[in-house]
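Here the structure comes first, spelled out in structure tokens, and everything after it is commentary.
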Amino acid sequence: MTSNHERVETRLIHGGDEFNKTKAVAPPIWQTSTYKAPESPEDFSALAASINPSEFYARHGNPTNKQIEDILATLEGTESAVLTSSGMGAISAVVLSQVKAGEHIVAQSSLYAATMTLLRDVLPKWNIEVSFVDQTNNGEFEAAVKPNTKLIYVETPSNPLMRLTDLAFIGKLGRARNIITVCDNTFATPLNQRPCDFGIDAVVHSATKYLGGHSDLAAGAICASKQIIDDSWKMMILLGSSLASFDAWLLLRGLRTLSLRMKQHNDNALRLAKFLESCPTIERVHFPFLESHPQHALANAQMSGCSGMMSFEMKGKTDAERFERAQRLIKRLKLAANAVSLGGVETLVVHPASMWRYHYTDEQRKAAGIESGLIRLSVGIEHIEDLIADFEQALSEG
Ligand SMILES: Cc1ncc(COP(=O)(O)O)c(C=O)c1O
């Protein structure tokens, strides 16, 4: 896919314009499950056999998806892209399309919880082996590679611990050993980090988050070479995780303002992270753009901003005390709502130790480094002074 527009802000507004064949400035919602055949029967059978057609059948695609896919491919600097009905739809489609029984995956051990469940619990049932490594240690990735390693899966910054993976190292390792590399870029967005610039083969997104940006849709995306995208599309239509036209329309609308939103998320989060770091009741703040983050230099090398994501740990003498303090703080916050998900215009907080029991036993959670007092924070685009005041009042009560 190509775009004549050089700069990100312009691509977000005009990328994929050619897929809107109507005169409508805001493209219509293609609320139809099927499309009439072209004049010739040969053309119709060719359409039926084509990959990602825009006007054939709803599960196979629609014109709005095409428009968005063009924008996302140019944003991530890839040849092609495909949308899915959720981030997990994207992750499942790309992984399942590239790996088969008897092959091996190397993945980092700090991952979004559902991705972890897919890799740790589901793939081994199909005789796909997965080795988990510490993402902050390049040598562990290299040491885990086997002759049958087909894919390396990373997520940076990782959810919820904000650990970074060295993308240039992973890109080089993958290229040298002929292994496909996949990076979840949900937290950073292509405005702050472009994994394929570092040699990564495929990028996945939960577009439910920053790309949509308004907490009103679920969507996912894969950006990669045409070959990987075609393979993923073929898997995606069998899994049934196609993006519906109304959610695609909302996603396109959200994308228009991505560059403006990310500037405010980046600025607000840095200010709030510095404030939280100065609070005596907080043990530590996980935010790569703070100098205290152990991978601060790597953040500067591969990211231009950190988005609105961070996590922090409450102080406390015992596990139970830290758990209770985290829950108490969340209750006292007035602007920041207690809800899962992230990347929307509004500030959200969540307490992983109490909320992620579906995916982790207490032992697995602790082994993953998710402490009882940890709070994950998605900083919105409210006025920063109002956000600081909200945390100040909530923390002042001890
Ligand atoms: C980093 C990351 N990747 C993937 C996902 C899954 O996205 P979705 O909920 O859209 O399936 C999430 C969801 O929170 C996430 O945080």
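Any read-out appearing in this document is the output of simple, stated calculations on the displayed coordinates, not a laboratory observation. All figures in this text were calculated on a predicted structure; none of them were measured in a lab. Positions of Cβ are backbone-derived with ideal geometry, glycine not excepted, and every protein chain shown enters the neighbour counts.
Just a few scattered comments:
- Proximal aspartates and glutamates relative to LYS100, as straight alpha-carbon distance under 19 Å, when same-chain residues fewer than 8 apart are discounted: ASP121, GLU129, ASP201, ASP230, ASP231
- Cleavage-rule hits (GluC sites (Glu not before Pro)) in the stretch 30-94: DSSP loop, at most 10 neighbouring Cβ within 10 angstrom: GLU39
- Counted over the chain, the DSSP beta bridges are approximately 55% antiparallel.
- In degrees, nearest ten, helix 319-332 long axis to first principal axis of the chain (Cα): 70
- 27 Å Cα-Cα threshold exceeded, pairs from LYS263/LYS317; LYS209/LYS331; LYS125/LYS146; LYS125/LYS234; LYS150/LYS234: LYS263/LYS317
- Listed residues VAL182, ALA269, LEU335: farthest to the positive end of the dipole of the chain (Cβ charges): LEU335
- Qualifying GluC sites (Glu not before Pro) for the stretch 224-310 [loop in DSSP, other Cβ within 10 Å: at most 10]: GLU291
- Fraction of the pair-distance distribution of the stretch 38-138 above 21 Å, Cα-Cα pairs, percent: 52
- For the chain, the orientation-averaged shadow of the C-alpha convex hull comes to 20.0 nm² (one quarter of the hull surface).
- In units of the rule-of-thumb radius 2.2 N^0.38 Å, the stretch 260-396 shows an alpha carbon radius of gyration of 1.01.
- Charged side chains reduced to their Cβ positions (Lys and Arg at +1, Asp and Glu at -1) give the stretch 260-396 a dipole of some 180 debye around its Cα centre.
- Residue-averaged [θ]222 nm for the chain, counting only DSSP H segments that reach four residues, each worth -39500 (n - 2.57): -11500 deg cm²/dmol
- Order by protection proxy (mean Cβ within 10 Å, highest first), peptides 318-325, 116-123, 375-382, 201-208: 201-208, 375-382, 116-123, 318-325
- Phi-based couplings in Hz for the stretch 388-394 (Karplus 6.51, -1.76, 1.60; Gly and Pro marked x): 4, 4, 5, 5, 4, 5, 5
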